Amino acid sequence: MLDAWHSKTLAVRHASTRSEYRENSDAIFLTSSFVFKNAQHAKECFAGEGKGFVYSRFTNPNVDALAERMAALEKAKFGLLTSSGMSAIMILCLALLEAGDEVVCARELFGTSVRLFSQLLVKFGIKVNFVPLTDYEAWQKAVNSKTKFIFCESPSNPLLQIADIEKLAEIAHQSKALLIVDNCLATPALQNPIDFGADIVMHSMTKFIDGGGRCLGGSIVTNDEEIYQKLFAILRMAGPALSPFNAWVLLKSIETLYLRMESHSKNALLVSEWLQKQPFVKCVYHPALASAEQQSLANKQMKRLGAIVSFEINGNKQDAWNLIDQCKLFSITANLGDARSSICHPATTTHNAVDESLKQEIGITESLIRLSIGLEDVQDLCNDLKI
Ligand SMILES: *Cc1c(COP(=O)(O)O)cnc(C)c1O
């Protein structure tokens, strides 16, 4: 069935459950534990021998269904879900790293991911190197026999740089390290990093998978059973489980993911082209407006270019803030991936905690504004940004 159905069909149908009442929409299993038929059955379930759910910290019908669907959409055999995108990264670190190990990360990561890698891991004797996302010589130099994994996002947030995933996989595999890709901005509807050699793909489902800004959630998928078992053991032990309620909401959301990503991408491209013509705009960041090399990489790896557009205005921080404050339609929020378009000032919000010098290096200037383009009418969105 997996081979026969298109991903669009899998997004709507795969791993859907049906109880004895034969409901069409998945039922919710909001229960912390499950009842065994008898003592023998309980023993079997605990030992992982018998069929049956045990406890929603590590097994739940809604959570399992969504994990299977996420894995299918990312073309992976195994999937597991966590309470948030950050706890997915935490589980990866706890499962794959020991004191003395090293990790290499792109420096252009989601702000909290940078903090987790740079502030938390060092407490446990793990060395983290940060390198520029598209400087492959720097990646090559930073990876050594102690490197357990390398970690990147593509496209990056907020400047939409595209990493050559195949190249990064090659660099990682030369040193027997794993490549982990945070596929949050693209989603499986636009990009499957496993096709390009990634070993593990993670998401913050909080963003486009939800699509309505309601639930936190994280996911990890892989084709490697040994890795999956290690991750699952940590999830069971450490406990950052996804709530069945959130899984149930997200199961419905994901049914419209492909449709939404198509509309998000079309709208974002039109807004970026409009922005490029405005006199108050200094430069626009969108993969379609990047260098020829970046464009061809984006077109190779992605089906469409996604919802995020960033731009610098001619002016200073106050001018950027003024533009944000005059918006009546855009929500002023750091969340992204919502049907509702949002606007934020990365330097003072999402990247507030990043070093001033690093901010300058990676291009998070005071006049930079990031948009997550939603599903509203494009002309209304452009009119809202006009100054
Ligand atoms: C939001 C985000 C995360 C963190 O996810 P949460 O669900 O907020 O914990 C990680 N990576 C990227 C790229 C994100 O945008």
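Does Glu20 qualify as being charged (D, E, K, R), assigned to a loop (DSSP other than H, G, I, E, B), within 30 Å of Lys167 (Cβ to Cβ) and more than 16 Å from the ligand (Cβ to nearest atom)?
Details: charged (D, E, K, R): yes; assigned to a loop (DSSP other than H, G, I, E, B): yes; within 30 Å of Lys167 (Cβ to Cβ): no; more than 16 Å from the ligand (Cβ to nearest atom): yes.
In short, no.
Selection of first residues in region 30-48 that are without any contact (Cβ under 8 Å) to a residue 40 or more places away in the chain and within 20 Å of Leu242 (Cβ to Cβ) and of second residues that are of a type outside the set (Gly, Ala, Ser) and in a strand (DSSP E or B), restricted to Cβ pairs under 9 Å at least 6 apart or on distinct chains, gives the following pairs, ordered by first then second residue: Ser32/Tyr55; Ser33/Tyr55; Phe34/Tyr55. For region 324-340, does any single residue satisfy the condition of being buried (at least 16 other Cβ atoms within 10 Å of the Cβ), closer than 24 Å to Ile162 by Cβ, among the polar types (S, T, N, Q) and under 21 Å from the mean Cα position of the chain (by Cα)? No, every residue in region 324-340 fails to be buried (at least 16 other Cβ atoms within 10 Å of the Cβ), closer than 24 Å to Ile162 by Cβ, among the polar types (S, T, N, Q) and under 21 Å from the mean Cα position of the chain (by Cα). Among residues of region 66-90 that are within 11 Å of the ligand (Cβ to nearest atom), those with a Cβ under 8 angstrom from a residue that is in a strand (DSSP E or B) and acidic (Asp, Glu), sequence gap 6+ or separate chain, pair up as Gly85/Asp182; Ile89/Asp182.
For a quick check of your reading: which helices (runs of 4 or more DSSP H) sit entirely within region 99-208 and have at least 3 residues that are touching a Leu at 6+ places or on another chain (Cβ under 6 Å) and crowded, with 19+ Cβ neighbours inside 10 Å?
On the way: elements: 111-115, 136-142, 165-174.
Hits in region 99-208: 165-174.
Among the listed residues Leu235, Leu216, Leu231, which satisfies the condition of being surrounded by 17 or more Cβ atoms within 10 Å (Cβ to Cβ), of a type in the set (A, V, I, L, M, F, W, C), within 16 Å of the ligand (Cβ to nearest atom) and closer than 20 Å to Phe46 by Cα?
Leu235
Among all positions in region 235-247, there is no residue which is more than 24 Å from Ala189 (Cα to Cα) and part of a strand (DSSP E or B). For region 119-133, check the following and say yes or no: at least one residue is under 12 Å from Asp182 (Cβ atoms), in contact with a Cys (Cβ under 9 Å, 6 or more places away or on another chain) and within 16 Å of the ligand (Cβ to nearest atom). Checking region 119-133: at least one residue is under 12 Å from Asp182 (Cβ atoms), in contact with a Cys (Cβ under 9 Å, 6 or more places away or on another chain) and within 16 Å of the ligand (Cβ to nearest atom). Evaluating Ala67 against the criteria (1) out of contact with any strand residue (DSSP E or B) (no Cβ under 7 Å at 6 or more places or on another chain); (2) outside any loop (DSSP other than H, G, I, E, B); (3) small (Gly, Ala, Ser); (4) modelled with pLDDT of 95 or more leaves one unmet condition, (1).
Going by what's in this entry, would Lys207 be described as over 19 Å from Leu30 (Cβ atoms) and more than 16 Å from the ligand (Cβ to nearest atom)?
Against the criterion (over 19 Å from Leu30 (Cβ atoms) and more than 16 Å from the ligand (Cβ to nearest atom)), Lys207 does not qualify.
Looking at region 324-368 only, could you name the residues that are touching a helix residue (DSSP H, G or I) at 6+ places or on another chain (Cβ under 9 Å), among the hydrophobic types (A, V, I, L, M, F, W, C) and either more than 16 Å from the ligand (Cβ to nearest atom) or assigned to a helix (DSSP H, G or I) (or both)? The answer is Cys327, Leu329, Phe330, Ile332, Ala339, Ala347, Leu358, Leu368. Tallying residues that are in a strand (DSSP E or B) and touching a residue at least 40 places away in the same chain (Cβ under 8 Å) within region 255-304 yields 2.
Hey, among Ile343, Ile369, Ile373, Ile362, which residue is among the aliphatic types (A, V, I, L, M), modelled with pLDDT under 95 and surrounded by 15 or more Cβ atoms within 10 Å (Cβ to Cβ)? Before the answer, list the steps.
Numbers: Ile343 fails: modelled with pLDDT under 95; Ile369 fails: modelled with pLDDT under 95; Ile373 fails: modelled with pLDDT under 95.
None of the other options fit; the residue is Ile362.
Across region 156-211, the qualifying residues are those that are of a type in the set (Ser, Thr, Tyr) and out of contact with any helix residue (DSSP H, G or I) (no Cβ under 8 Å at 6 or more places or on another chain), and the one among them that is farthest from Ser263 (Cα to Cα) is Ser175. Scanning region 117-142 for residues that are closer than 11 Å to Val104 by Cβ, out of contact with any Lys or Arg (no Cβ under 7 Å at 6 or more places or on another chain) and not aliphatic (A, V, I, L, M) turns up Phe117, Lys127, Asn129, Trp139, Gln140, Lys141. Of the candidates Ala290, Ala298, Ala320, Ala307, the single residue that is out of contact with any helix residue (DSSP H, G or I) (no Cβ under 6 Å at 6 or more places or on another chain) and under 24 Å from Pro188 (Cα atoms) is Ala290.
The values are calculated or read from the model by the stated rules, or taken from the named source; none is laboratory data. Model, not experiment: these values are computed from the prediction. Glycine also receives a Cβ, built like all others from the backbone with ideal geometry; neighbour counts cover every protein chain displayed.
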